[in-house]
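A short worksheet on the structure shown next.
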Amino acid sequence: MFSQIKLANKIVGRIANSTLIIRSRILNELNQAKMVYIKCENFQKTGSFKFRGAWNAISQLSQDMRERGIIAHSSGNHAQAVALVAKMLGIKATIVMPENTSEFKRKATEEYGAEIIFSGNNPHDREKMAKKLANEKGLSLIHPHNDNHVIFGAGTVAYELLREVGKLDLILVPVGGGGLLSGTALAAKGLDRSIKVIGVEPKNADDAYRSFKSGERLLVENPDTIADGLRTSLGENTFPIIQKYVDDIITVSEEQILKAMMFYLENLKIVAEPSGAVSLAPLLFQLLNNELTKNKRIGVILSGGNVNLVQFFSEMKEKHLI
């Protein structure tokens, strides 16, 4: 599958942004690391890594599929990515979104020209509706994480990072449905089997952690986490890849996610949404064994930055989290 990552990199690299990689002296010192590199996919088209997978999948559809149209289900970032790619390629896109989708992400998706249909808030509601509509209307379903082309496209984040900075000892990756984590693992292990890949997940939506530890794919029901992009369960395609290539999955608290966001904003002057900030929390709170970080070269994937900060922090105050 590594050959598919390299092919995706050629396809995606023609159109996606080669995103910024930054370093942090504070993180180096906190973890006694040789160097921490942060791959900033918040500067990607549509504000998240999702553009990579959407472009890799949709750009390879046949002309007949393009003419019939596409459909996707998403709480926000995949929706925006699919909508923009469809607009760029002249394809009609329908997006199924949960009713509790943030206004910020809904408006962005609409502005790219997609038709939005709302579903229930359970992660499985949107998937069932999208599959039903795809079958009824003959639309191509672009799954947010369980489509192989989406997985390979997501893997170009790590591939690009490693090609630019050279050998890393560890990469920390957010995990929800597992597309980014499985793609990262395929890219990293394809380039260097010794690289450790660790997924980071909210404790309040820990199905990936529980699945990884038990060896059985477990589903999550209505998780209550500020990391809205990580509320989905691992897919049938992502789970086996994660089992084979990922070294560990750890969880972080809501408070730790929030403080990771604040670190990005206050110290690095960049905006990270909660789902994008989770991968920083293990370093910020020194949750990893010293042997994984001391004198090591570490990569952190900041997966996205789509958040209305004024609205978000207002909601956090109401919940007494700040």
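The values are calculated or read from the model by the stated rules, or taken from the named source; none is laboratory data. As the structure is a computational prediction, the values presented were derived from the model and not from experiment. When we count neighbours, we look across all protein chains shown, and the Cβ atoms used for this are built from the backbone with ideal geometry, even at glycine. Just so you know, the surface numbers come from the protein's heavy atoms only, side chains and all, with ligands and any DNA or RNA stripped out. Shrake-Rupley method; radii C 1.70, N 1.55, O 1.52, S 1.80 Å.
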ask   = For the chain, what is the mean residue ellipticity at 222 nm derived from helices alone (per DSSP H run of n ≥ 4: -39500 (n - 2.57); sum divided by total residues; nearest 500 deg cm²/dmol)?
value = -14000 deg cm²/dmol
ask   = Once the piece of chain linking Ile22 and Lys203 is laid out straight, how much longer is it, given 0.36 nm per residue of separation minus the C-alpha distance between them?
value = 62.4 nm
task = Quick one: compute the contact order of the stretch 142-231, relative version, from alpha carbon pairs under 8 angstrom and 6+ residues apart, as a percent.
result = 27
note = FRET efficiency for Leu7 and Glu318 from the Cβ-Cβ distance with R0 = 35 Å, rounded to 0.05, comes out at 0.15
ask   = Which trypsin sites (Lys or Arg not before Pro) does the stretch 190-242 hold that lie in a coil by DSSP with at most 10 other beta carbons within 10 Å?
value = Arg193
inquiry  = Below 13 Å, Cα to Cα, which aspartates and glutamates can Lys92 reach? Residues fewer than 8 away in the same chain don't count.
reply    = Asp64, Glu67, Glu110, Glu115
query = With every protein chain kept in the model, how would you rank Leu133, Leu168 by accessible area, 1.4 Å probe, largest at the top?
reply = Leu133, Leu168
inquiry  = Could you work out what % of the accessible surface of the chain is carbon and sulfur, using a 1.4 angstrom probe and leaving DNA, RNA and ligands out of the count?
reply    = 47
ask   = What angle, in degrees between 0 and 90 and rounded to the nearest 10, separates the Cα long axis of helix 179-191 from the longest principal axis of the Cα atoms of the chain?
value = 60
note = Residue by residue through the stretch 152-167, the couplings from Karplus 6.51 cos²θ - 1.76 cosθ + 1.60 with θ = phi - 60°, in Hz, x for Gly and Pro, are 5, x, 5, x, 5, 4, 5, 4, 5, 4, 5, 5, 8, 9, x, 4
task = Taking a cut-off of 24 Å between Cα atoms, list the lysines near Lys87, but don't count ones fewer than 8 places away on the same chain.
result = Lys10, Lys45, Lys50, Lys105, Lys107, Lys131, Lys132, Lys137
ask   = How far apart, in nm, are two points set 7 Å out from the Cα along the Cα-to-Cβ line at Arg14 and at Lys269?
value = 3.6
query = How long are the three semi-axes of the equivalent ellipsoid for the stretch 147-205, computed from the Cα gyration tensor as the root of 5 times each eigenvalue, in whole Å, largest first?
reply = 19, 14, 8
ask   = Near Lys189, which aspartates and glutamates are there with a Cα under 15 Å away, not counting those fewer than 8 places off in the same chain?
value = Glu160, Asp169, Asp247, Asp248
request  = Could you work out the mean projected area of the convex hull around the alpha carbons of the stretch 230-322, in square nanometres to one decimal?
outcome  = 7.4
key: Accessible surface, 1.4 Å probe, highest first, among residues Tyr112, Tyr37   = Tyr112, Tyr37
key: Where N is the number of residues in the chain, Cα Rg divided by 2.2 N^0.38 Å   = 0.92
request  = For the stretch 115-238, report the convex hull volume of the alpha-carbon atoms normalised per residue, in Å³, without decimals.
outcome  = 128
At 0.692 mPa s and 37 °C, Stokes D of the stretch 54-121 from Kirkwood alpha-carbon radius, µm² per second = 280
query = For the residue pair Val165 and Gln63, what label-to-label distance in nm results when each label sits 7 Å from Cα along the Cα-to-beta-carbon direction?
reply = 4.4
query = Label Leu30 and Asn100 with points 7 Å out from Cα along Cα→Cβ: what is the distance between them in nm?
reply = 2.8
message = For a Förster distance of 45 Å, can you work out the FRET efficiency between the beta-carbons of Leu309 and Gln243, rounded to the nearest 0.05?
response = 0.75
message = Between Gln286 and Lys128, what's the calculated FRET efficiency when r is the beta-carbon distance and R0 is 35 Å? Round to 0.05.
response = 0.25
query = For the chain, what is the accessible area per residue in Å² when the probe is 1.4 Å?
reply = 41
query = So what is the relative contact order for the stretch 184-305, in percent, with contacts set as C-alpha pairs under 8 Å and at least six apart?
reply = 26
ask   = Which value in Å is the Kirkwood Rh of the stretch 234-275 over different Cα pairs?
value = 12.5
D (Stokes-Einstein, µm²/s), Kirkwood Cα radius, the stretch 25-69, 1.567 mPa s at 4 °C = 95
inquiry  = Only sites in a loop by DSSP and with at most 11 other Cβ atoms within 10 Å count here; which GluC sites (Glu not before Pro) in the stretch 151-231 make the cut?
reply    = Glu216, Glu221
query = Sorted by accessible area (1.4 Å probe), largest first, how do Ser214, Ser303 line up?
reply = Ser214, Ser303
ask   = Using 0.36 nm per residue, how much length does the chain from Glu221 to Lys137 gain when fully extended, once their Cα-Cα distance is taken away?
value = 27.4 nm
ask   = What shape does the stretch 1-159 have by the C-alpha gyration tensor, where a ≥ b ≥ c are the square roots of the eigenvalues, rounded means a/c under 1.5, and otherwise prolate means a/b greater than b/c and oblate the rest?
value = prolate
